[in-house]
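Report on one structure; see the data block that follows.
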Amino acid sequence: MSGMRAFREARVDLGAIIANVDTLRAAIGTTHTMAVVKARGYGHGAVPSARAAIAGGADWLGVVEVAEALELRAAKIDVPILAWLHDPAANFDEAVSAQIDIGINSLAQLDRAAQASGTAVVHLKVDTGLGRNGVVLDECEQLFAAAHQHEKLGRVRVRGIFSHLANASDADDAAQATAFESAVALAESAGLAPELRHLASTAAALRLPATRFDLVRLGIGIYGLSPFDDQNSESLGLRPALELSAVIVSVKRVPAGSGVSYGYTYRTAAPTTLALVPLGYADGIPRQASNRAPVSINGKTYPIAGRVAMDQFVVDVGDAVVAEGDRAVLFGDPARGIPSADDWARSCDTINYEIVTRLAGRLGYRYLP
Ligand SMILES: *Cc1c(COP(=O)(O)O)cnc(C)c1O
């Protein structure tokens, strides 16, 4: 799809992703920058987002699963890729042959990686306090000793050691950074020499220089969204890359007191015009957006009227002149006079991450260079 706008459209400005990576790299200044393109590139499309991030200066890609990494390899993307969450029964042969680095979360997983044909390149994950994946500090000595044994036999190469922050408070994150440093020291005394120590995602990379180490893993920021409650895209110098819109499929005049959508949670206050937008929760629009989230039509912003259904929702545009074929814009770059993913997150009691990542279903993706 080139110039034609799609019926239900996620328009992704790849130039914005390129500029965002460049801006973040300039602010952060680490030797290496990993662009995180898991979950279909936070709803933006993994392959195009990865290519744009590389054009902006990212030299690593991060994903959750090996399958996501293989999709990037199938698209002939050849920069190093790290995948960090695996089926406990995973066999890592494909990952190793596709040169995908494996994030290791347990001793058993390390042994599985060592059994793959070829040398598995791994990053050992330490749980420094998030309480999710990774090996707790008390068990690191055993993990590092085993990794060193595998390294001596040529079964494994430990390229990295990493952890993930809870973003609970600056003090909590600093405590995790200290714990991470002890884990790195422990790894070194076990005979390992991981060249990449990495801890920070977008938030800590921007605010806590002590968490930057050799590489930062940047997700939300590369898509132009802020990880912070108290700062928006603009104040970070970032441009939201995704704009969600759809063609208005029907427009009608109705009298005062008309019920709108399932359950009549909205009734018209006066004779008015209703515009029907063909996007619903099947496309990733939260049902919590009902009667709350903002939509821009012909330069004016209105709240959604009534419930968001599976495939459609309604906007009460009053006496504004709106025609079938006009476009409803849900969110994008507020510099264009439209609502932001942050506005939608507030309306839906969630975070901007979820607003963009949940997009799915029948959207047409259009990529601007
Ligand atoms: C998702 C993820 C990131 C990226 O986080 P952002 O807040 O989007 O920058 C980094 N590291 C890990 C381990 C992740 O799961």
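Please treat every number below as a calculation from the coordinates, not as lab data. Please read these numbers as outputs of a predicted model, since none were measured by experiment. Positions of Cβ are generated from backbone atoms using ideal geometry, with glycine treated the same way; all protein chains shown enter the neighbour counts.
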* Candidates I338, I285, filtered to the one that is part of a loop (DSSP other than H, G, I, E, B), within 18 Å of R11 (Cα to Cα) and without any contact (Cβ under 8 Å) to a residue 60 or more places away in the chain -> I285
* Asked: Within the set of pairs 6 or more residues apart or between chains, which connect a residue that is more than 20 Å from V216 (Cα to Cα) inside the stretch 78-99 to a residue that is assigned to a helix (DSSP H, G or I) and away from the ligand (no atom under 16 Å from the Cβ) with Cβ atoms less than 6 Å apart?
  -> F92/A113; A98/L70; A98/R73
* To do: Please indicate, with yes or no, whether at least one residue in the stretch 210-220 is of a type outside the set (A, V, I, L, M), under 27 Å from F162 (Cβ atoms) and assigned to a helix (DSSP H, G or I).
  => yes
* Has the stretch 306-329 got any residue that is buried (at least 19 other Cβ atoms within 10 Å of the Cβ), in a loop (DSSP other than H, G, I, E, B) and within 19 Å of the chain's Cα centre (by Cα)? -> no
* To do: Pick out the one residue from T301, T357, T268, T273 that is within 22 Å of R11 (Cα to Cα), more than 24 Å from the chain's Cα centre (by Cα) and either within 16 Å of the ligand (Cβ to nearest atom) or not charged (D, E, K, R) (or both).
  => T301
* Working carefully through the options A90, A74, A67, A83, find the one that is small (G, A, S) and within 12 Å of the ligand (Cβ to nearest atom). => A83
* Asked: Out of the stretch 31-48, which residues are crowded, with 18+ Cβ neighbours inside 10 Å, over 16 Å from R358 (Cα atoms) and of a type in the set (S, T, Y)?
  -> T33
* When you scan the stretch 181-233, how many residues do you find that are on the phi > 0 side of the Ramachandran plot and more than 15 Å from the ligand (Cβ to nearest atom)? -> 1
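Quick grid of which residues meet (1) over 30 Å from L363 (Cβ atoms); (2) surrounded by fewer than 24 Cβ atoms within 10 Å (Cβ to Cβ); (3) aliphatic (A, V, I, L, M); (4) more than 27 Å from the chain's Cα centre (by Cα):
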{"site": "L186", "(1), (2), (3), (4)": "yes, yes, yes, yes"}
{"site": "L196", "(1), (2), (3), (4)": "yes, yes, yes, no"}
{"site": "L199", "(1), (2), (3), (4)": "yes, no, yes, no"}
{"site": "Y223", "(1), (2), (3), (4)": "no, no, no, no"}
{"site": "N232", "(1), (2), (3), (4)": "no, yes, no, no"}
{"site": "S235", "(1), (2), (3), (4)": "no, yes, no, no"}
{"site": "E243", "(1), (2), (3), (4)": "no, yes, no, no"}
{"site": "V247", "(1), (2), (3), (4)": "no, yes, yes, no"}
{"site": "S250", "(1), (2), (3), (4)": "no, yes, no, yes"}
* Where residues in the stretch 12-36 are outside any helix (DSSP H, G or I) and touching a helix residue (DSSP H, G or I) at 6+ places or on another chain (Cβ under 8 Å), which of them is nearest to the ligand (Cβ to nearest atom)? -> V36
* Asked: Which members of the stretch 97-121 meet the condition of being more than 16 Å from the ligand (Cβ to nearest atom) and crowded, with 22+ Cβ neighbours inside 10 Å?
  -> L110, A113, A120
* To do: Please work out which residue is nearest to the ligand (Cβ to nearest atom), limiting yourself to the stretch 360-369 and to residues that are over 21 Å from A53 (Cα atoms) and not aliphatic (A, V, I, L, M).
  => G361
* Asked: Within the stretch 64-110, can you find the residues that are touching a Phe, Trp or Tyr at 6+ places or on another chain (Cβ under 8 Å) and assigned to a strand (DSSP E or B)?
  -> I81, L82, I102, G103
* To do: Could you check how many residues of the stretch 144-184 are surrounded by fewer than 17 Cβ atoms within 10 Å (Cβ to Cβ) and part of a loop (DSSP other than H, G, I, E, B)?
  => 5
